[in-house]
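One structure is given here, and the rest of the page talks about it.
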């Protein structure tokens, strides 16, 4: 995934490229100024666009690179939280984006065999608890059986801040190991960096615009849920940018 360059200037010259949209050729022959004339929401950044207009600009910019990625970058206000932790959540997108995940499962006996058969990367019992405590494994998702959970609780100080601690509330402490692994594999991980900025893919240049917009809305809806869970009443999401692999970073209006 390419990283956003928020400071990149948006080209002010006319964009004249054919963009295939809904089966017909959309010719983007307009200036940056024309794209940016949409009514701005309060606190919008200079040059902010609607999601649709910004996506059209990026599709025009990347018209010869259909496999290039479309990404969003969500800047959150970590100062609005009393106890800020790295953002980490999962969503089910309308159009799936392939994402390789390392799944670790604390299980023994038949449950361990089920975990391996379902595609878990790392499986083990009490010895695995010690290995995780010693920092020997890197993984993206963590599941535990109820029988192993008492031993796993000692890892709360390690896994909790990373959003990896199994809990019954999240459904990751369960005997339905195969079912949860399947659901976890289908889920798309959304993560923030140390500064509270979420960088995530929402599609590719040649995807249908409705699929890209639906994926974006699903992620933004989940960000609203996270704001409630973190007891942030307002102004948690400061700015949202959309970008592509070689395109500019464009601030969005009406993003929440």
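Observations
- Looking only at residues in the stretch 66-98 that are out of contact with any strand residue (DSSP E or B) (no Cβ under 8 Å at 6 or more places or on another chain) and in a loop (DSSP other than H, G, I, E, B), the one that is farthest from residue 165 (Cα to Cα) is 94.
- Annotation: of all residues in the stretch 64-80 being farther than 13 Å from residue 240 by Cβ and modelled with pLDDT under 90, the one that is nearest to the chain's Cα centre (by Cα) is 78.
- Residues in the stretch 225-241 that are surrounded by 16 or more Cβ atoms within 10 Å (Cβ to Cβ) and without any contact (Cβ under 8 Å) to a residue 40 or more places away in the chain: 227 only.
- Restricting attention to the stretch 102-121, the residues being in contact (Cβ under 8 Å) with a residue 24 or more places away in the chain and surrounded by 15 or more Cβ atoms within 10 Å (Cβ to Cβ) number 11.
- Residue 110 satisfies every condition listed in (1) assigned to a loop (DSSP other than H, G, I, E, B); (2) over 17 Å from residue 199 (Cα atoms) except (1).
- The strands (runs of 3 or more DSSP E) found wholly in the stretch 153-256 and carrying at least 3 residues that are touching a helix residue (DSSP H, G or I) at 6+ places or on another chain (Cβ under 7 Å) occupy 197-204, 237-244.
- Meets criteria (in contact with a strand residue (DSSP E or B) (Cβ under 8 Å, 6 or more places away or on another chain), part of a loop (DSSP other than H, G, I, E, B) and surrounded by 18 or more Cβ atoms within 10 Å (Cβ to Cβ)) for residue 58: no
Residues are listed down the side, and each one gets a yes or a no for (1) over 14 Å from the mean Cα position of the chain (by Cα); (2) within 18 Å of residue 157 (Cα to Cα); (3) crowded, with 18+ Cβ neighbours inside 10 Å:
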position	(1), (2), (3)
90	no, no, yes
97	no, no, no
100	no, no, no
123	yes, no, yes
129	yes, yes, yes
136	yes, yes, no
141	yes, yes, yes
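- Pair list, Cβ < 6 Å and 6+ apart or interchain, from the stretch 140-161 residues that are in contact (Cβ under 8 Å) with a residue 60 or more places away in the chain to residues that are loosely packed, with under 15 Cβ neighbours inside 10 Å and part of a strand (DSSP E or B): none
- Per-region count, the stretch 176-224, residues without any contact (Cβ under 8 Å) to a residue 12 or more places away in the chain and under 15 Å from the mean Cα position of the chain (by Cα): 2
The values are calculated or read from the model by the stated rules, or taken from the named source; none is laboratory data. None of these values were measured; they are calculated from a predicted model. As a convention, Cβ positions derive from the backbone with ideal geometry for all residues, glycine included, and neighbour counts pool all protein chains shown.
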